[in-house]
Each structure stands twice: as C-alpha cells, then as structure tokens.
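What follows is a single structure, and I will ask about it in a moment.
The values are calculated or read from the model by the stated rules, or taken from the named source; none is laboratory data. The model shown is predicted, which means the values in this text are computed figures rather than measured ones. Quick reminder, even Gly has a Cβ in these numbers, built from the backbone with ideal geometry, and neighbours come from all protein chains shown.
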Amino acid sequence: MGMKATRHNGRSGSHGAYDVKHNDRDFDSENADHIDGERSLQNVYWDCYQGYRLPGTDEERRFTFSEVEKSYYLEHYGDHVFAQNLRNEAARHKERNREIDDVLKNKKTCPEETLLQLGNIDGTVRPEVLAQISAEYFEKFEERFGSHVHILDWALHLDETTPHIHERHVFDARNEYGELCPMQDKALEELGFELPDPTKEKGRFNNRKMSFDAECRRMFLEICKKHGLDIDMEPVYGGKSYLEKADFIVQKLRDENERLEQENADLRAEKSELVLKISDVEKLLDDVSNDAYEKACDVITEAVRDETQKEDAKLIADYERRILGSDNTPAVKNIAKQIFTGIRDLFGRAREKMVASIKRTLSDPEIKERKVSEIKEKARGSVLAKLAKAKEEVLKHPASGNERRVRKEER
C-alpha cells in the first residue's frame, strides 16, 4: 500500500476557533508532553508579512502569527467592519456591531487551518521532502486561487512525533456594497467551483467547498507523485486511514481497546466454560476416573509384559549357560542352542497370551465399572476440594488486568 497523504481542514473545535498560537509556539510549551522543546528550534515558519524564519538563523520574528493575522484582517477587512457597524447603527441595531477580533474568532469568518502530512507515526518522509513538496503546493495554490484565497501563515513542525505543516488561509470576496470581506462560498463561486452534484440543492454534503477540497487534494497528490513518492490515491474521508495527530492517537487507542475487549471476551468465555465445568462435578469425576483407569490398565499390562520378559530371559539364560558351558560335545551344544531358541519363542507367545488375557479381564465392563467407581469415590473428596478452591479464585477476580486497562482507557 502507498503512503497516506493528508490534507485535513478545520476552523473550530469544542473550544471555538482554532488558536494559531499552537502553530508558531506562542505559548508556554514546557509542559506540553507531545512537544520536544529542544527540537522546536528546527521548526520552519512563514507568514505573509515577514516571510521565512528558518532554523539556525539568529534573526527573531518581530510579529507572532496572532499579530500577523489581526493585521491582515484590519488591513483588508477593516473597512467592511467599520461600514457594517455604521449600517447597524443606522438600523438601530448597535448590538450587532463587531470588532476585528470578533471576525477573527467567528467560526464562519476565521481563517481555515489545513494540516499537511505524509504518512503517520508508523512511517513518514524526511522533513526536507515534506517542506519541498509543501512549498511547491503553496506556490501552485497561490497561483490557482490567490485572487480569493490568501495564505496567511504556515509552520513546519519538527518537534512532534511526525513532521507536519499547519497552514492557515482566508477566503474573501466583495459583498453587495463592494466591500472586501471573508466569504467562503462566494469566493469559491467566483473561482469557478461548482457543486459536486449540480442537480441537487446546496447543502452539507453538496457544496462548493467539497469541490475545492477535492481539487486541492489532487494538486497535493500530483506534487507528491512528481517527487517519486508512492502515494495511496484513494481518498478516505472520516476513516482511520485518513486520521492523523490526535485523531490518529485516538484511533490507535480505539483499535487497541477493540483488541483487548476481544481478548477479554475470550477470557470471559473461558471462565464461563470453567465455571460450567466445575459445576458439572459428577461428569468431571467420571471423565477423570475413566481416564485414570485406562491409563492404569496400560501401565499394568506393560509392567507385566516387561517383568515377565525379564524373568523368562533370566531363567532361559541360566539354563543355557549351564549346558553350553559343560563338557558336552559340539553337536550336543548346537542342538541345545536350537532348543533354547524354540523355548524363547514359546515363552514369548505365552507371555503375549497372558498380557492379552489381562487386558481382556481389565476391559471387562463389569470389572471396569466397579474399579472406576472405586477410583471415583476415593478421588471425590480431593477433587471437590481443589475445584471449590479454583472456582473461588475465578469468581474472586472477574476482571483481568487487560479488562481494567480497557476501562481506564475508555474513561
């Protein structure tokens, strides 16, 4: 599979519009566990007023991203805010008046933030490759959309687990009064973007922004391919393959939880089976007693065969030694050897018959039932005591360490 190329957009979260201070590290990052302060010096920053701030340079950035964005909004949209406030007052709706900060924080008019990333925590490209691809992408972005979409700032973060870029831009167009103001849909309309499905009404799942995002993704992927990267071209929206950073971590935890939950389900099934087995004590005793009897029969017959064979061999060898060691003629000794060979065969057949007879006797249903019953009764007390203790341990610890870990991660 090819590497995932991420272009992930957003304007706001549960706490309102995204704060650009994260991007240029304009905050106390000492207690931010996901940021390596020593590597923060390697980050690359760019904004529309000051240009680049590259690693290894002594030149300090005079303005933060927050100040840059506020200055841009004042310069380009200040006239619109002033004129709209005058109209509000003329209509006796002074409560509708807004400051430039209100426009910057409003979810509909604040800058849109894009995350650009190649790969994820499991594998990515070298930072300089991402920087080069992103620079080419921004250049093409400005060339294609710069009349109505303006890049305000971007930051290449090398101080987190995976290199990535945060880029912020604003859409604008002129309103009915000829004033330039943040307006996404009209900006995209004037750029020539149509609805994905022109036959249907505009809505959440059918709007020009979807067409714009698809075009941006196509541009980004083409530049990645031009640099020889094996990129998965199939777009994935909302799926785990497309989530990065915090979303990626959350998805990893969710996958891990699912795995642990499956293990716990298997463990609970094993416990249930164990408790059921313990409850069926009589059946368990029958199984154990039968197995014990069968094994005992095998041991007995093998022991009889071995011991009988030893005694027979010893007896025959004793006689053979006496005769062959005497003063008998060679002819007599030769005949004696043949006789002893026949005796060994005879004893062997007799031994196998005896073992077979023992097996038949031990396998007799009446004898087996009686002996198994005796074993069962003798084993009952010991088995019941051990099973009761095992059951107590199972019920005493209903949750394994994995289960407790799952509940902790769920919280």
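Is one or more of the residues making up region 188-197 in contact with a helix residue (DSSP H, G or I) (Cβ under 8 Å, 6 or more places away or on another chain), crowded, with 20+ Cβ neighbours inside 10 Å, in the same structural domain as ASP122 (by TED's automatic domain parsing) and not in a loop (DSSP other than H, G, I, E, B)?
yes
To continue, here is another question. Answer yes or no as to whether ASN88 is without any contact (Cβ under 8 Å) to a residue 12 or more places away in the chain and surrounded by fewer than 16 Cβ atoms within 10 Å (Cβ to Cβ). Lay out the reasoning, then the answer.
Values: without any contact (Cβ under 8 Å) to a residue 12 or more places away in the chain: yes; surrounded by fewer than 16 Cβ atoms within 10 Å (Cβ to Cβ): yes.
Yes, satisfied.
Ok, one more. Kindly indicate the residue of region 21-35 that is exposed (fewer than 15 other Cβ atoms within 10 Å of the Cβ) and touching a residue at least 12 places away in the same chain (Cβ under 8 Å) and also farthest from the chain's Cα centre (by Cα) among those meeting that condition.
Only one residue fits best here, namely LYS21.
While we're here: Checking GLU89 against (1) in contact with a Gly (Cβ under 8 Å, 6 or more places away or on another chain); (2) farther than 23 Å from GLY10 by Cβ, which single condition isn't satisfied?
GLU89 satisfies every listed condition except (1).
Inside region 51-102, can you point out the residues that are farther than 28 Å from LEU156 by Cβ and in contact with a Pro (Cβ under 9 Å, 6 or more places away or on another chain)?
The one that is farther than 28 Å from LEU156 by Cβ and in contact with a Pro (Cβ under 9 Å, 6 or more places away or on another chain): HIS80.
Can you name every residue in region 1-20 that is without any contact (Cβ under 8 Å) to a residue 40 or more places away in the chain and within 25 Å of the chain's Cα centre (by Cα)?
GLY13
Conditions tested, residue by residue: (1) modelled with pLDDT of 95 or more; (2) in contact with a His (Cβ under 7 Å, 6 or more places away or on another chain).
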residue: HIS76; (1), (2): yes, no
residue: HIS80; (1), (2): yes, no
residue: ASP102; (1), (2): yes, no
residue: LEU116; (1), (2): no, yes
residue: HIS150; (1), (2): yes, yes
residue: ASP153; (1), (2): yes, no
residue: LEU156; (1), (2): no, no
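Another question about this same structure. Can you tell me which residue in region 1-34 is modelled with the highest pLDDT, limited to those that are outside any strand (DSSP E or B), closer than 25 Å to LYS105 by Cα and polar (S, T, N, Q)? First the steps, then the outcome.
Narrowing region 1-34 to residues outside any strand (DSSP E or B): 1-2, 4, 11, 14-15, 18-34.
The next check asks that each one be closer than 25 Å to LYS105 by Cα; those that pass are 11, 14-15, 18-29, 32.
If we keep only those that are polar (S, T, N, Q) too, we end up with 14, 23, 29.
On the way: SER14: 77, ASN23: 91, SER29: 78.
That would be ASN23.
Need the failing condition index for ILE165 against (1) among the aliphatic types (A, V, I, L, M); (2) touching a residue at least 40 places away in the same chain (Cβ under 8 Å); (3) part of a loop (DSSP other than H, G, I, E, B), just the number.
The one condition ILE165 does not meet is (3).
Under the condition of being modelled with pLDDT under 70 and either of a type in the set (D, E, K, R) or not assigned by TED's automatic domain parsing to the domain that holds LEU362 (or both), which residue from region 275-313 is surrounded by the most Cβ atoms within 10 Å (Cβ to Cβ)?
Among those that are modelled with pLDDT under 70 and either of a type in the set (D, E, K, R) or not assigned by TED's automatic domain parsing to the domain that holds LEU362 (or both), it is LYS277.
Let me ask something additional. Pick from region 35-48 the residues that are touching a Lys or Arg at 6+ places or on another chain (Cβ under 9 Å) and part of a loop (DSSP other than H, G, I, E, B): which of them is farthest from LEU118 (Cα to Cα)?
Looking at residues that are touching a Lys or Arg at 6+ places or on another chain (Cβ under 9 Å) and part of a loop (DSSP other than H, G, I, E, B), I get ILE35.
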